Every structure is written in structure tokens, then in C-alpha cells.
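The values are calculated or read from the model by the stated rules, or taken from the named source; none is laboratory data. Predicted model only: the values in this text are computed from it and were never measured. Neighbour counts run over all protein chains shown; Cβ positions are idealised from the backbone, glycine included. SASA here: full protein model, heavy atoms, side chains in, ligands and nucleic acids out. Shrake-Rupley method; radii C 1.70, N 1.55, O 1.52, S 1.80 Å.
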Amino acid sequence: MANDQQRLLYLFELPQEPIQTPRGGGSVQFKLENDDTPPSVATRVGLSPSVSVPVPERKDVALQDLGTATSIPMGSAFSFFLASHRRAAKDLCNVFMKTNGAEDLMQVAARVHGKVNETLFIYAISFVILRKKELHSVRLPTMVEVFPSRFVPQEALSRAQLQVNRMDPNQSEAVIIEHGPEFSGSPVKPEHRVSYWREDYGINVHHWHWHLIYPPGMGVDRDRKGELFYYMHQQIIARYDIERLSLGLPRVQKLDNWRVPIEDGYFPKLTVNNSGRAWGSRQDNTLPKDFRRTEIGDPVDITDLEIWRARLLGAIHQGYMVDRNGDKVPLRDDVTSGKRGIDILADALEADADHSVNFPYYGDLHNIGHDILAFSHDPDNAHKEEMGVVGDLGTSLRDPVFFRLHKLVDDLFQEYKLTQPPYKEEELFFPGVRIGRAGVVRDDEADVLLTGWNTREFEASRGIDFNGRPVILRLTHLDHKPFDYHIQINNDLREPKEVTVRIYLAPKFNGREQEMNFMEQRILWCELYRFTVHLKPGKNHVVRSSKESSITNLEELTFKDLENSGPGNSSEQSAFNFCGCGWPQHMLLPRGRPEGMAFQLFFMLTDYAKDKVSNPGGVRRCANGVSFCGMQDAKYPDARPMGFPFDRRPAPTLQGLPVNTTADYARLGNAFMHDVTIKFLGEKLN
Ligand code: CUO
């Protein structure tokens, strides 16, 4: 095989088919030494693979070496929120981590394939590729092609299968599955008006990928992992709330009370890995119950959730947690060494049992919250139903209840953030550097941004075997016309200066069409772009494209993209690796309204000398998605708390005047606010 990329790529194809099934559109086949699988498995009418990949016998990967990895049945769901499944993942990742190089990993993985749950297999191999230095040039194919059944209803996939079955064998054109923008429910229920957003393939892929990089309970201790858990999810909630405001829906209510029924049900219409096993559905007004799925985890009561929440709140308001020795662990963000309070709190809240200061005491509120919701339709396995989609990293954003749970989680983080002292004037003000004007331009028009629909195609037949025939998914998604930021900056210092530019977006009015005060708008600001720029003395005109955003990922990489990526060019490839993580570019902007919706942009300049984080080597691997995903093998590249300056309550006064609204922050010369309109065209863009 040509290179590491190609050696590993085909392990991602057809996860639920035997490893010997032809891959690579029928051109590649794994040939297992001493294979006793019937030859019929390895053949497909009309396919004659030209590339054969030899896989020698591997005595080192006997079933007993896999630990608990084989405990999750094939064809069933794998949930990272369940401790037993995390343990299985750890056992399998340990086996893969011991390999040495792409060829070794390919051989071991090919031997393990078919012995472990499909999602677990893809999870573990992705985890190892993202972590092993020698595999930095290898990129992951998009989840949409690996598991199409997570993105389109079973009905559509079955229809495509029927169509393929009826096709003339000599016919070669692809079957096309169209999906969206109606998605899973009718507009009768208000929550379904935002289905296109919750069920967007890009945001769900992002969520899967983010948790791959920052998993709890896997011994991963990345820089500011807990704070990123808080920030990335807080930003998802902010964006969802803005989308809801665009549609005239109220902001999400936190799941405050587990003793009352959950008003909104969810019917995913998907099957787990095309196995025919349906993801669980939750009826409207389902009452959450104690978790009694003893086949996959220890019993947990609703009372436990309530106790853990109360203990976390107690710690927040007392200003410290108590570790297992009974010692106090202070919660403060303004520390000069050691972990920030937000990291300590997040590790106990998510929870990461490896890093929580006192896992038995503070519990596992967020993970178990997912579990209780995922099994609320069948909490004791009476109906032998599968978990709901909120239990899976690649599908959980589809369910409205995800946002209610994460609003509860965010509420605790915000409670903590409000205990931190407001930023002082000297932390906000940057004398000598002034923004003269700032705004956005699209197609020569200033300050009006346009959104609408677009489509993207993926090969469903890479993930599901349609008798070796090509089947294309054509997914409709929200999109916007690209635009540029223009910022006029006066550098009144007599020397060149490196500055950080922070750009945020928020709606101008709340749901009652009133302008918001600082505190109401504070948690709606969503980051669009954070970058550094070198200012010369005097006037500077800085222009940046919306496509360069620090939160977004490049396009999803398809199998075809990766097959065509040649060997060599490794520095560019490693730069791409982490980039698989990031908010989808097509979801950078909220929908807005057909008549135009009023938004505000907030620009702020800070001194890069104070923001800078020293990273050994100085190599900036993958800047894309960096605000949400960090950088590979490097520290998070911004010393300020994530979400600065909106992560804390406002300073009571600035420059001697009171602060009521964000506009009062914009009085500082290094900040600027500007009104823009977002118009939803309701039609296909381009
Ligand atoms: Cu990302 Cu709950 O942490 O889904």
C-alpha cells in the first residue's frame, strides 16, 4: 500500500461487514493468513479487487488480550457516557496503542475487526491515530461516510437498498439519497422548527470528534481539558439559543427538576450501525427514572443526581472542593500555577474519574445525566430497547433534551463564573491601541450577511454495503455567503505591536424584542474568530475572511479526498490532522430571519504579550478549530480564560462610568461594537 493514510483508511470502511469484504469502492481487499472464513464473504458480484492487503496471523491479539472490549455486543450502541463502555474503550485502545507504526496497527486492527462492537472499533482506532506521534500524517474520514445510519433515517437507507437490488447489474450510476431540510419531525411541534440545526451532520460530527480528543476516564490530561469542556459546550448552547431566537422560540430551559416529565419527546428514526436495532424513542412527557440497566452499569438513582448537584453547588459557593483526604482544593481562575478552578470543577462535573478531586463524593452528574435520559423510555430493560441517541457522542445533539441537560451543566459553570471577581479595568483596557471602525463586507455590501440552504454529498456506500454499488447521500444544511471582517486599528504606540483580535456575535434583542443588558447578553456571545495580528505604528487596515475562523473545521474529509491525498507533503498533512475537530464552517452564522435580524459584533484587542502561551518548538499544528479544540501536542494558545471578557460579570464601572450593557465595554478604545443584519433567504445559495 502506498502510504500510512491508505494503510489505515480502509479499516474505517464498512464497519459492520467482515474485514475480508472488498473495500475502496471494490478495489482493495484484506487477505487474512490462515483465514477460515467462507470464501463467499470475500466476494461481491462484479467486483474484482486489484489491491490485496496481506494480514499475517497475529498471535498477540487473541480474544483474551482484549479485556472487556468484547463485552459490548456487535450491532448495539456504544456509549461513552457509560462507565462500562469507557472501560471497554480503554482496554481496546491499550491494545492498539501498543502497536508500532501504521502497518502494525493495521494488522492488529484487522485481526480485532469483527470481534468487537463496530462503533467501539472505530472509536478506538480514531483515538489511537489522534494520539500516536508517528501517525500524525493520517487523517480520519468523516463519520458521515463511516456511519451513514447515524445521519439519515433507516427508511431512506432501506429504500436505496431496494433500488440497488432492482437495478440492472450492468447499470453503473449511483443511487442518490436526498435528506433534509425537514428532518425528523413536523413543524406542528415548535421544537422541530430547529431540527435542521440539531440534526445537522457537521455539528454532530464535531461533537463526536471533540470528545475523541478530550475523553474522560482514558487517562488523557490535555491542557485546560476541563475548561474546554465547559467552553465548547457553553458555546453550543449559546448558538442553539440564538438559532431559537431566530425562529421566535424561547431560550432553552435547563433540566432543573428530574421529578417532572420531560415535555418533548424525540423519535430518531435511525438504526444503530445499520444493524436493524433501532435507537430508542422517547415519548412526550416521559418521566426520568432511576437507572436500572444492570446489564451495562451499576444502578444510579435520580436522588444521586440531586445530591451531586447540591454538592457541586456547595463547593462553588464555598469556594473550594474537598479531596479524598479531606483537604480543601480552592476554586479560583486567577491562579499563576496549577489548575484553574474551572478545570477542577469541570473534571468533577463531567466527570472524569481520573481527574476529579473526589469522584466518590462529587459523583458523575453529567455522564449519568446522559445515561438516565438515554434510557428514560426503558430504564430497567423491561422492553429490551436500545438507548436513545442522547447516549451517543455522534448523535446526541439531535435530541432537544441534550440542550436541556447541558443548560443545567452550563448553569453550574456560570454559577461558578459569577463567584470570580470581575475583570479590572487594567485587564480590559489596552492603552495605545484603538479600533477606529470595524464591520463586515459581503459581495461589496456592508453589514448585511446572508444565510440559506446548501447541499453536500457523501458516499453512503463507504459505510454500508449496498452490494458493492455506489450510493450517494445528498444532505441539505444551513449555510451562509462568505464575508470579510474589516478592522481599522490605530496603533498610537511608537513601535510595532502584536495584538490578539477577538470577534464575537450576539443578537441585539431578546425574545421580547428588548435590548439586553450586559448580564442577559453575556452568555449569548458566540465566538466567531480569535487571531493575532502584527500592527505597524500608525493606521492599520486588517482584513480577514470568514473562512479563516478559529472555531471552524475545514471541510469534512471523505474517503475519496483521502484516497487522492498522495504520500509526502507530511507537514501539511500533520497540520490537517487535528483539524478534523472544529465547528462546521457552514454553521458559523445563525439563520437570522427572512426580514433580517439585528445582531451585534463585538471586537476586542488585547496585548498578545500577555495572552501568549509558550509552546515548546513553536510549531503551530492546526490552527483550525483551535478555540474549541486546542492544538495537538501543545498548550491552549491563549492565556486568558476562555470566553474572555464575557465569562465573568461586568466590572461595576469602567473609566469612572457605570457598566450596564456591552456597549459600555465598547467605550474602551481597544473594543468596538457594530450592528449587522442577518437575512435568511430560505433558498439554495450560489
Ligand atoms: Cu458533549 Cu454531554 O458532553 O455531550
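Identify the single condition in (1) modelled with pLDDT under 95; (2) part of a loop (DSSP other than H, G, I, E, B) that residue 264 does not satisfy, given that it satisfies every other one.
(1)
Go over the candidates 298, 333 one by one and state the one that is more than 15 Å from the ligand (Cβ to nearest atom), within 29 Å of the chain's Cα centre (by Cα) and open to solvent by 50 Å² or more (accessible area, probe 1.4 Å).
The unique qualifying residue is 298.
Tell me, which helices (runs of 4 or more DSSP H) wholly within segment 506-625 include 1 or more residues that are at pLDDT below 95?
559-564, 570-577, 608-611
List the number of the failed condition for residue 71; all other conditions in (1) open to solvent by 30 Å² or more (accessible area, probe 1.4 Å); (2) within 17 Å of residue 55 (Cβ to Cβ); (3) among the small types (Gly, Ala, Ser) hold.
Exception for residue 71: condition (2).
I'm told residue 201 meets every condition in (1) away from the ligand (no atom under 16 Å from the Cβ); (2) more than 14 Å from the chain's Cα centre (by Cα); (3) not β-branched (Val, Ile, Thr) except one. Can you identify the failing condition by its number?
Exception for residue 201: condition (2).
From (1) open to solvent by 10 Å² or more (accessible area, probe 1.4 Å); (2) free of Cβ contacts under 8 Å to residues at least 60 places away in the same chain; (3) within 16 Å of the ligand (Cβ to nearest atom), pick out the condition that doesn't hold for residue 348.
Result: residue 348 passes all but (1).
Taking the conditions exactly as written (closer than 30 Å to residue 74 by Cα, basic (Lys, Arg), open to solvent by 10 Å² or more (accessible area, probe 1.4 Å) and touching a residue at least 60 places away in the same chain (Cβ under 8 Å)), does residue 254 satisfy them or not?
no
Output the residues belonging to segment 229-240 that are in contact with a Pro (Cβ under 9 Å, 6 or more places away or on another chain) and more than 13 Å from the ligand (Cβ to nearest atom).
239 - this is the single residue of segment 229-240 that is in contact with a Pro (Cβ under 9 Å, 6 or more places away or on another chain) and more than 13 Å from the ligand (Cβ to nearest atom).
State which residue is most open to solvent (accessible area, probe 1.4 Å) when the search covers only segment 111-130 and only residues that are charged (D, E, K, R) and assigned to a helix (DSSP H, G or I).
If we take residues in segment 111-130 being charged (D, E, K, R) and assigned to a helix (DSSP H, G or I), then 111 is most open to solvent (accessible area, probe 1.4 Å).
Every residue in segment 399-411 that is crowded, with 23+ Cβ neighbours inside 10 Å and either more than 12 Å from the ligand (Cβ to nearest atom) or not in a helix (DSSP H, G or I) (or both), please.
399, 400
Does residue 197 meet the test of being assigned to a loop (DSSP other than H, G, I, E, B), of a type in the set (Phe, Trp, Tyr) and open to solvent by less than 60 Å² (accessible area, probe 1.4 Å)?
Against the criterion (assigned to a loop (DSSP other than H, G, I, E, B), of a type in the set (Phe, Trp, Tyr) and open to solvent by less than 60 Å² (accessible area, probe 1.4 Å)), residue 197 does not qualify.
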